[in-house]
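To start, the structure under review is shown below, and the notes come after it.
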Amino acid sequence: MPLYHLLPVLAGFAFMLAGIVNMAGASTAPARGMWLIPAALSAALFGWSIWTVALEGPLGFWSEHLRDAWGNQIWFDLLLSMGTAFALLAPRAKARGMRLAPWFVAIACTGSVGLLAMAARYLFLSEPEMAARHNPA
């Protein structure tokens, strides 16, 4: 199976597995170091994005979104999911002292790379309070 056919299948399985694990082990107390997961995913996707931009150019994605109804639907889906995630994360991030404008620009320019980095930063900043709340002295 070609790499470009295999990677989306693997990503789909990883997404399903992560969802099942999260539903089965849903807890109000995130594990210590949980911020490393979105940080690693952001870094990995950033690396893939750099490689893709080197091969296809910085605006190669745009022709894909203009190609047909599916391309439009994927663009709408990305905008709606990123907008929803940012709207849900923004008040919490602001409460942790994160400036929202730079994160919004990062998300607008990089999509999930920026959103995952924002989530990692939020979890990192929240870790001491979460630990204190769930492990009172």
Original post:
What residue, among those in the stretch 29-41 that are small (G, A, S) and assigned to a helix (DSSP H, G or I), is farthest from R121 (Cα to Cα)?
Top reply: A40
**OP:** Could you pull out every one of the helices (runs of 4 or more DSSP H) wholly within the stretch 42-129 that has 3 or more residues that are modelled with pLDDT of 95 or more and loosely packed, with under 13 Cβ neighbours inside 10 Å?
**Re:** 69-95, 100-110
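Report whether or not M16 is under 28 Å from M130 (Cα atoms) and either free of Cβ contacts under 8 Å to residues at least 40 places away in the same chain or assigned to a helix (DSSP H, G or I) (or both).
Values: under 28 Å from M130 (Cα atoms): yes; either free of Cβ contacts under 8 Å to residues at least 40 places away in the same chain or assigned to a helix (DSSP H, G or I) (or both): yes.
It is true that M16 is under 28 Å from M130 (Cα atoms) and either free of Cβ contacts under 8 Å to residues at least 40 places away in the same chain or assigned to a helix (DSSP H, G or I) (or both).
The values are calculated or read from the model by the stated rules, or taken from the named source; none is laboratory data. Given the structure is predicted, the values throughout are model-derived calculations rather than measurements. Positions of Cβ are backbone-derived with ideal geometry, glycine not excepted, and every protein chain shown enters the neighbour counts.
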